[in-house]
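What follows draws every value from the coordinates through simple rules; no lab data is involved. If you're wondering where the values come from, they're calculated on a predicted model, not measured in any experiment. Don't worry about glycine lacking a Cβ; one is built from the backbone with ideal geometry, like all the others, and counts go over all protein chains shown.
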Amino acid sequence: MTLFATTLPENSNDGYVAAAYIVFFALVLIYVAIMAIRLSRVERSVRELREQAARQHDGSLGRPHPEDTPPIAGDRRREREIV
Amino acid sequence: MYSRGLRALSLATVAAFSAALGLVFFYAPIEADQGFLQKIFYLHVPLAIVALCGFVIGGIMAIAHLRTRDQRWDMRSYVAIHMSLIFGVAVLLTGSIWARASWGHWWVWDEPTLVSFLIVFLLYATYQPLRFAIEDPERQARYASVFAITAGAFVPLNFIAVRLSSSYVHPRVLGSTSNLPPSMAFTFLVSLAAMALLFATLCSYETCAKRTRMLLKARSRTLGFQ
């Protein structure tokens, strides 16, 4: 509270200016955050779609998809992915 | 295709906003009557102008949709109205803060500018419920376009009605920038340009995101995953 009290302008009306600009930037920030959540959802969908497509492709070739098989000992990348 | 130029637009918005804020707080003089409080003017008025223009642009895009039956115009119209609604919320909030500071009340019901903006905002607040109440995409787009055109025509009529009203308590801006000192007018115009750029950028982001989601769904259907 002390920090806010010292950083806000001295005139009581001037706090309203800060409030108006903060409200505006907060709205923009909320919007950007919502967009970021949506983007992560889209990225997840793309990843799932790619995995499904790869699985389908491998299935048609008659060999199992790498993610359907257990990791080979020493394959650190696959072990990390599964963990 | 939709993300073309998005990075340049975003950078231009950030640059314009930085310039506008610099001008507002370090260049524009303190107004004699309201003092430092008048700085809200450079935020509130551009927001209101851009929001109202966005509603009208949404109507114009809806006309393009009805003429061409191209779904992209419907999406652009929807995004413009959606973004204008968000800007409208910001207008109402910053306006209330300004009213509280200068008049002592959060809201004044006998002020035509405030009430007319609220009417326009509430009118457009019904746009999304109306739109999503219709399941058939074709009908949804058509009805939403008709609504956007009708409401879009109402916006300038509303503006003219307010201008013709007798109360002149609310500060007049459009058509009176010549009354402002050159430094204030310049700051105001830069703020307006920054706000318009922000609107365009957010609309582009929203359109791009929607288009990507639609493409994803279509691709999933094509591959038989849904």
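Tabulated results
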| read-out | value |
| --- | --- |
| Overall form of region B:1-127 per C-alpha gyration tensor (a/c, 1.5; a/b vs b/c) | oblate |
| Stretchable slack from B:R72 to B:R7, in nm (0.36 nm times residue separation minus alpha-carbon distance) | 21.3 nm |
| Alpha carbon centroid spacing (whole Å) that separates region B:114-146 from region B:64-103 | 12 Å |
| Computed E for B:L216/B:L157 - FRET, C-beta separation, R0 35 angstrom, nearest 0.05 | 0.30 |
| Dipole moment magnitude, nearest 20 debye, chain B about Cα centre, only Lys, Arg, Asp, Glu C-beta charged | 1020 debye |
| Separation in nanometres of the label points that stand 7 Å from Cα toward Cβ, at A:S45 and B:T150 | 3.1 nm |
| Cα gyration tensor shape of region B:1-68, rounded if a/c is under 1.5, else prolate or oblate by comparing a/b with b/c | oblate |
| FRET efficiency for B:F186 and A:D58, using Cβ-Cβ distance with R0 set to 45 Å, rounded to 0.05 | 0.10 |
| Cβ-Cβ FRET estimate between B:A19 and B:W109, R0 fixed at 45 Å, reported to 0.05 | 0.75 |
| Cα extents of region B:71-226 along the three principal axes, largest first (Å) | 63, 31, 26 |
| C-alpha long axis of helix B:41-68 to longest principal axis of chain B, angle in ° | 30 degrees |
| Helix B:137-164 axis, angle to chain B major axis (alpha carbon atoms, nearest 10°) | 10 degrees |
| Helical contribution to [θ] at 222 nm, DSSP H n ≥ 4, -39,500 (n - 2.57), averaged over chain B, rounded to 500 | -27000 deg cm²/dmol |
| Paramagnetic reach from B:I30 in region B:71-98 [backbone N under 20 Å; point 7 Å along Cα→Cβ] | B:98 |
| Tilt relative to chain B, helix B:6-26 - C-alpha long axis, 0 to 90 degrees, to 10 | 10 degrees |
| Paramagnetic reach from B:A125 (point 7 Å along Cα→Cβ, amide N under 14 Å) across region B:46-88 | B:85-88 |
| Averaged over A:23-35, number of beta-carbon atoms from partner chains that fall within 10 Å | 4 |
| DSSP-loop trypsin sites (Lys or Arg not before Pro) across region B:4-108, with at most 16 other Cβ within 10 angstrom | B:R4, B:R69 |
